[in-house]
Ligand code: PMP
């Protein structure tokens, strides 16, 4: 890069090499267009926060300020508020995880935990294994630390263990250093797929025998529609798993409170990295959540979210059957997303402007791969629009797809 390289940016030649991976995600660019009210947006994974009674949150805010205002307004511990970490143990217990409160590190959303873990482990050129497709903004983080992201095939039961074995062997034979396996085993983003229990055990065994850390990202596990999913991978393996959780989907993302649960040695480094990045996560929002969890029926509230999202999932699956019966798509048992496969010759990214003209938006499949695959795939998020809008959105989408097929 030279300083003359880009006339629009005076600092073009000055940026660190790692910024080469910091391109605006396709999802981000979409938000601007898709937020117009006449567009049915099936693009962003925005939780339906209107389902939370706001007076409960107001009550928590008032109590926190009345009873512990100075502490809420002060810097706090780099590990997070102890009372909140106790509550986090209760939340994780719902997915079979038994842990010590000392091993929980509160972060500014789980996105920040992703950044911290990557910072701890990745040197330029190190390999991160991830499902194909995988969460777009995790891959932005991995690339910003100059990791090489290698996708491993998944099917309706999640990551394929044999494909993982082969990929690890091939990468090792190539002299690569594989640092961790990043996985969203339950109601994955974007595929809406859940890793079976048998495969969880098998994949943990593969990781253990190859000395590869598992980074288990689980924002959606409690949002199940048809019965509880298999328990978290961290419930069977302590030493080899860093587990990430968040209040973004079971409460609200605006608080920006998530957490990492890590083996002791990693946890110590995570706290130092957290302090280096933010000094301490927000005392104010942690204390509000902690109060909410001790005062409100939070399990009941998660049940309400399940009902809301189940109805929307059903609306989307029925609409797909009615309007696009010849295509195939995943059938999520929880979470926010359906993954749709178009005919081979269609390209969801180049089709998007036409879709937006027809007032429907989605996220193109290529956003979820580091290697340009996924051209004929798309992610459809059913979390935010009302069920009848979802149906209308799929109807519009079918017009766009059928129009493309006639070209
Ligand atoms: N991981 C996954 C798989 C996600 O879908 C998201 C949010 N879209 C995050 C992490 C980040 O969530 P937050 O920072 O709000 O906790």
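The values are calculated or read from the model by the stated rules, or taken from the named source; none is laboratory data. Quantities reported herein were computed from a predicted structural model and do not represent experimental measurements. For neighbour counting, all protein chains shown are included, and Cβ atoms are generated from backbone atoms with ideal geometry for every residue, glycine included.
Quick notes on this structure:
- Given (1) outside any loop (DSSP other than H, G, I, E, B); (2) farther than 13 Å from residue 252 by Cα, index of the condition residue 36 fails: (1)
- Test for residue 110: is it part of a loop (DSSP other than H, G, I, E, B) and either within 14 Å of the ligand (Cβ to nearest atom) or more than 30 Å from residue 20 (Cβ to Cβ) (or both): no
- Per the listing 219, 281, 230, the residue uniquely within 13 Å of residue 97 (Cα to Cα) and in contact with a helix residue (DSSP H, G or I) (Cβ under 8 Å, 6 or more places away or on another chain) is 230.
- Residue list for the stretch 78-99, filter: surrounded by fewer than 18 Cβ atoms within 10 Å (Cβ to Cβ) and closer than 18 Å to residue 255 by Cβ: 82, 83, 86, 90
- One residue stands out in the stretch 331-343 among those that are surrounded by fewer than 22 Cβ atoms within 10 Å (Cβ to Cβ) and under 20 Å from the mean Cα position of the chain (by Cα): the one that is nearest to residue 394 (Cα to Cα), namely 331.
- Residue 281 under 30 Å from residue 362 (Cβ atoms), under 21 Å from the mean Cα position of the chain (by Cα) and either more than 13 Å from the ligand (Cβ to nearest atom) or at pLDDT 95 or above (or both): no
- So residue 141, is it closer than 16 Å to residue 217 by Cβ, within 14 Å of the ligand (Cβ to nearest atom) and crowded, with 19+ Cβ neighbours inside 10 Å: yes
- Here the stretch 344-368 is the region considered, the condition is being part of a loop (DSSP other than H, G, I, E, B) and in contact with a helix residue (DSSP H, G or I) (Cβ under 8 Å, 6 or more places away or on another chain), and the residue that is surrounded by the most Cβ atoms within 10 Å (Cβ to Cβ) is 362.
- Residue match in the stretch 6-19 (condition: under 23 Å from the mean Cα position of the chain (by Cα), closer than 27 Å to residue 358 by Cα and either modelled with pLDDT under 95 or loosely packed, with under 12 Cβ neighbours inside 10 Å (or both)): no
- Residue match in the stretch 166-178 (condition: surrounded by 23 or more Cβ atoms within 10 Å (Cβ to Cβ) and more than 10 Å from the ligand (Cβ to nearest atom)): no
- Unmet requirement for residue 102, which otherwise passes all of (1) touching a strand residue (DSSP E or B) at 6+ places or on another chain (Cβ under 9 Å); (2) surrounded by fewer than 20 Cβ atoms within 10 Å (Cβ to Cβ): (1)
- For residue 88, the requirement of being in a helix (DSSP H, G or I) and closer than 21 Å to residue 264 by Cβ is met.
- Tally, over the stretch 113-138, of residues that are closer than 20 Å to residue 339 by Cβ and within 8 Å of the ligand (Cβ to nearest atom): 3
- Positions within the stretch 183-207 being within 16 Å of the ligand (Cβ to nearest atom), free of Cβ contacts under 8 Å to residues at least 60 places away in the same chain and in a loop (DSSP other than H, G, I, E, B), in sequence order: 184, 185, 195
- Scanning the stretch 153-165 for residues that are part of a helix (DSSP H, G or I) and crowded, with 17+ Cβ neighbours inside 10 Å gives 161, 164.
- If you check 326, 371 for being surrounded by fewer than 18 Cβ atoms within 10 Å (Cβ to Cβ), in contact with a strand residue (DSSP E or B) (Cβ under 8 Å, 6 or more places away or on another chain) and in a loop (DSSP other than H, G, I, E, B), only one passes: 371.
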